[in-house]
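Chemist: Pasting a structure below so you can have a look.
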């Protein structure tokens, strides 16, 4: 309940100061890492203390484990992830020829399971899916998010931008109301970051575990009292596409730690 | 979590005030005996650890961040002054809290093979409070150190209950 | 059962050196004080004991309570005496144990 009042209290301020959301200027772009306390930063920086590394470890095991009717492991096709998966997370979501739409890493892993391994899809936010996704994304750690070049993704990214700027929910806030117009200020006890996706999947102290970007996006939607999109919904992938463009140049941090 | 909670519950033939009263009574019955009455105080928990002996201030350093972003994982380090030899070492280091549902946090067992009396872990703090570390020396004496942390609450938490 | 755990032990050290050991295991450390979505209490499920043995002798251990964070992390020190195995055991409320180990070379 305290959270609810805290949030409701700033609605007035946010609506007054809202102007057309212009996005974040290049020189002001900052990872969520920069907004954390020294202690939480240290937790992320030490691989022997970062609890997200437990998911990387599990993902590595799953990568080499044969699955499905085809009895083939991810490694059976893709070999050593440290080479074949390096940089992949930095350029996802990517265009999927089969569906003619963008797909995120989770979508790619599950379509690979269906088509190559002949296995059941892994459930959203299951430990196995998070572990595999974290392991794959971890291979890109330290690599900057490259500029968007695939023209086929443009309309989907535009839709993501539109969603980011649309007011939703009982509190009538858009993502931009907080993360463009008011980043750096405080909401309750915590600093409002710029909503960059470069650390996901990440270990959130609040969750006491690793979670996906989609879980975080749904969180925010519940936060403004809106009905969240379902896991895997096209809108969430489009939002992710827009967030990746906005975060261009920031390094992948997976597994990041956030409060 | 599901935003589409039905509204008709408000129009049941029971007044809202009665519902509220019933709710509060229910809360008292369920949570009081377990979380408030059953918990020993910080001092009681420490006396149980020391077997009734007094813990003196000093010889122990407790490092705890004064401002905590999330109480689910608070890094804590305890150092005790000791040569850690066979006849002069730290036997145990206990950590205790003031306001969690249980006073005990963790008890470390050390010996001369530890080399140094230094331990670290991550703990949960339900709210802003005092944390105490107590070291038991091989001569049977107890030494302690206390620190307090302010735990801030995030606005955009997942569970809105 | 082999643990989903990360342990950090220096590989090669000098005899008599005090080395730092870190151990972390995947575990929810469910306190027993949380209420699930259906309104009933989520039952307690924690790691109750952590132990470290060096060359077969238990040299460090800890009793854990629900106030230890999920995915418990413990760091401590040991005197490097002889080359051998440093073994870790985590025991939960049900008495189930998980283990991990690392080799240390002492010169």
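The values are calculated or read from the model by the stated rules, or taken from the named source; none is laboratory data. Since the structure is predicted, the reported quantities are computational estimates derived from the model, not experimental observations. Using ideal geometry, Cβ is built from the backbone for each residue, glycine included, and neighbour counts are taken over all protein chains shown.
Okay, residues lined up against (1) modelled with pLDDT of 95 or more; (2) under 29 Å from residue C:106 (Cβ atoms); (3) surrounded by fewer than 21 Cβ atoms within 10 Å (Cβ to Cβ):
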position: C:10; (1), (2), (3): yes, yes, yes
position: C:17; (1), (2), (3): yes, yes, yes
position: C:27; (1), (2), (3): yes, no, no
position: C:41; (1), (2), (3): no, no, yes
position: C:50; (1), (2), (3): yes, yes, no
position: C:67; (1), (2), (3): yes, no, no
position: C:74; (1), (2), (3): yes, yes, no
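Chemist: Still on this structure, I have one more. What residue, among those in segment C:58-107 that are touching a helix residue (DSSP H, G or I) at 6+ places or on another chain (Cβ under 8 Å) and free of Cβ contacts under 8 Å to residues at least 40 places away in the same chain, is nearest to the other protein chains (Cβ to nearest Cβ)?
Modeler: C:59
Chemist: Something else: Could you list all residues from segment A:184-225 that are over 24 Å from residue B:71 (Cβ atoms) and within 7 Å of another protein chain (Cβ to nearest Cβ)?
Modeler: Hit for segment A:184-225 is A:225, nothing else.
Chemist: Do any strands (runs of 3 or more DSSP E) entirely within segment B:52-161 hold 3 or more residues that are within 14 Å of chain A (Cβ to nearest Cβ), and if so, which?
Modeler: B:74-80, B:118-123, B:142-151
Chemist: Considering only segment C:9-55, state which residues are outside any loop (DSSP other than H, G, I, E, B) and either in contact (Cβ under 8 Å) with a residue 60 or more places away in the chain or more than 12 Å from chain B (Cβ to nearest Cβ) (or both).
Modeler: C:12, C:13, C:18, C:19, C:21, C:23, C:25, C:45
Chemist: Name the helices (runs of 4 or more DSSP H) wholly within segment A:37-131 that hold at least 2 residues that are touching a helix residue (DSSP H, G or I) at 6+ places or on another chain (Cβ under 8 Å) and under 30 Å from residue B:65 (Cβ atoms)?
Modeler: Counting at least 2 such residues, we get A:38-45, A:53-63.
Chemist: Is one or more of the residues making up segment A:195-202 touching a helix residue (DSSP H, G or I) at 6+ places or on another chain (Cβ under 6 Å), surrounded by 20 or more Cβ atoms within 10 Å (Cβ to Cβ) and at positive phi?
Modeler: Within segment A:195-202, one or more residues are touching a helix residue (DSSP H, G or I) at 6+ places or on another chain (Cβ under 6 Å), surrounded by 20 or more Cβ atoms within 10 Å (Cβ to Cβ) and at positive phi.
Chemist: Considering only residues that are within 16 Å of the chain's Cα centre (by Cα), touching a residue at least 40 places away in the same chain (Cβ under 8 Å) and surrounded by fewer than 22 Cβ atoms within 10 Å (Cβ to Cβ), which ones fall in segment A:96-126?
Modeler: Once the filter is applied, which keeps residues that are within 16 Å of the chain's Cα centre (by Cα), touching a residue at least 40 places away in the same chain (Cβ under 8 Å) and surrounded by fewer than 22 Cβ atoms within 10 Å (Cβ to Cβ), segment A:96-126 yields A:103, A:107, A:124, A:125.
Chemist: Considering only segment A:136-153, how many residues are crowded, with 20+ Cβ neighbours inside 10 Å and either touching a residue at least 60 places away in the same chain (Cβ under 8 Å) or not in a loop (DSSP other than H, G, I, E, B) (or both)?
Modeler: 6
Chemist: OK, next. Give the number of residues within segment A:215-239 that are over 25 Å from residue C:27 (Cβ atoms), out of contact with any strand residue (DSSP E or B) (no Cβ under 8 Å at 6 or more places or on another chain) and in a helix (DSSP H, G or I).
Modeler: Number of matching residues: 8.
Chemist: Looking at (1) over 22 Å from residue B:124 (Cβ atoms); (2) in a loop (DSSP other than H, G, I, E, B); (3) modelled with pLDDT of 95 or more, find the lone condition where residue C:94 falls short.
Modeler: Among (1) over 22 Å from residue B:124 (Cβ atoms); (2) in a loop (DSSP other than H, G, I, E, B); (3) modelled with pLDDT of 95 or more, the lone unmet condition for residue C:94 is (1).
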